[in-house]
Amino acid sequence: MGAFPPPQGGNHYYYYYNAGPPPRNPGPPDDDRDALAREGKLDIQRPESFTGRDPRKWRTFLTQCLNLFQAKPVTFQLDNARVAFAASYLQGIAFNHYTALLRFEPQSPVLSNWQSFVNEFST
């Protein structure tokens, strides 16, 4: 095999392809993946369901949700993940209200913005 790079004036053509590093798997970066794995091992108390019958229980429900969000910041970094999680623990009147928003006001910020969700159910 000839020298690389080829000497001047030769009829030999050499091609060098640098494929670079192997492609990474699509998905979260390694740091996020590690954080998600650590968060998955945490055993944090889930909130008690909120029915809306006793508004005094809202603060406890909210505090339990916030505690979980604080313990698992990567999992719950987006507002819509927080809203979906909290909504999954609604029952009774509160669940009916949330369902009505889903059906009749699907663009409502209450369904995707955490602060709007909190404000909606605080009143």
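Ligands, DNA and RNA aside, residue 89 has an accessible area near 50 Å² when probed at 1.4 Å. Using the Cβ-Cβ distance between residue 58 and residue 104 with R0 set to 35 Å, the FRET efficiency from 1/(1 + (r/R0)^6) comes to roughly 0.95. Other residues lying with their Cβ under 14 Å from the Cβ of residue 90 contribute a combined charge of +1, Lys and Arg counting +1, Asp and Glu -1.
Note on segment 45-114: Kirkwood radius taken over Cα pairs, Stokes-Einstein applied at 25 °C and 0.890 mPa s, translational D equal to 197 µm² s⁻¹. For segment 81-96, backbone nitrogen atoms closer than 20 Å to the point 7 Å from residue 66 Cα along Cα-to-C-beta are found at 81-90. Using the Cβ-Cβ distance between residue 97 and residue 34 with R0 = 30 Å, the FRET efficiency computed as 1/(1 + (r/R0)^6) comes to roughly 0.20.
The values are calculated or read from the model by the stated rules, or taken from the named source; none is laboratory data. Keep in mind that what you see is a predicted model, and the values were worked out from it rather than measured. Note that we place each Cβ from the backbone using ideal geometry, even for glycine, and neighbour counts take in every protein chain shown. For accessibility, only protein heavy atoms count, side chains too; no ligands or nucleic acids. Shrake-Rupley method; radii C 1.70, N 1.55, O 1.52, S 1.80 Å.
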